[in-house]
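The values are calculated or read from the model by the stated rules, or taken from the named source; none is laboratory data. Just so it is clear, the structure is predicted and the values come from calculations on it, not from any experiment. Every residue, glycine among them, receives a Cβ derived from its backbone with ideal geometry; neighbour counts consider all protein chains shown.
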Amino acid sequence: MKMSLALLALVISSFSLALQLRGQKPVPPLEKFMVPARLSELDHRMERADVLMIRESIVMRRGIGVPFIREITDDGQHIIVRALVSEEDLPKAYDERKKALFDTAALSLAMVASEFDLESRTVTNVVIVQFVSVGATIKELNAGKTYAEYRGGELTFH
């Protein structure tokens, strides 16, 4: 009798645990980083200035500038990386141009994955790389007008 009661209690607790686990939503991969950092305003501004100086002093390679994190989407699900492109300096052949953009996207994904501890299959769904033409106006940049975009493992020209 005691054995059957113990077995019944075990079955009920296992069933209860299974229901609790089933009802849990997956944790977004960037949620653990949405906490305040211990960084003074001075440290933050010095770091931003350093990054901007470095970015501005690096010459475009194959018509593509240095990628940078532009923003995290409002829902906290995606990191938007941008790279400025000079359409006239991009490789002329379509396959070479596509390879240059793809290589930049792959490098961006690898660096973000490294810094945010993301697995390769996760980072492809988290990071969006936008290639924005240098000739675009500020209004077009803010509107999200892009030359090409790498999202979910696919490169799309606009």
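For this structure, a couple of remarks:
- Filter pass, R55 being touching a Phe, Trp or Tyr at 6+ places or on another chain (Cβ under 8 Å) and modelled with pLDDT under 90: yes
- Scanning segment 27-38 for residues being modelled with pLDDT of 85 or more and either of a type in the set (D, E) or surrounded by 10 or more Cβ atoms within 10 Å (Cβ to Cβ) (or both) gives a total of 0.
- Here the condition is being assigned to a strand (DSSP E or B) and among the small types (G, A, S); of A37, A83, A110, it holds for A83 alone.
- For segment 87-94, the count of residues that are out of contact with any Phe, Trp or Tyr (no Cβ under 7 Å at 6 or more places or on another chain), assigned to a loop (DSSP other than H, G, I, E, B) and under 25 Å from L30 (Cβ atoms) is zero.
- T122 falls short on exactly one of the conditions (1) surrounded by fewer than 18 Cβ atoms within 10 Å (Cβ to Cβ); (2) under 25 Å from R48 (Cα atoms); (3) touching a residue at least 12 places away in the same chain (Cβ under 8 Å); (4) among the hydroxyl-bearing types (S, T, Y), and that condition is (2).
- Within segment 59-71, being of a type in the set (A, V, I, L, M, F, W, C), assigned to a loop (DSSP other than H, G, I, E, B) and within 22 Å of I128 (Cβ to Cβ) holds for M60, V66.
- Any hit, segment 73-84, residues being surrounded by fewer than 12 Cβ atoms within 10 Å (Cβ to Cβ), within 12 Å of the chain's Cα centre (by Cα) and either of a type outside the set (S, T, Y) or at positive phi (or both): no
- Being at pLDDT 90 or above, more than 21 Å from E56 (Cβ to Cβ) and either among the aliphatic types (A, V, I, L, M) or surrounded by 19 or more Cβ atoms within 10 Å (Cβ to Cβ) (or both) holds for only one residue in A110, A143, and it is A110.
- For D103, the conditions (1) in contact with a Lys or Arg (Cβ under 9 Å, 6 or more places away or on another chain); (2) touching a residue at least 24 places away in the same chain (Cβ under 8 Å); (3) exposed (fewer than 14 other Cβ atoms within 10 Å of the Cβ); (4) under 30 Å from V27 (Cα atoms) all hold with the exception of (2).
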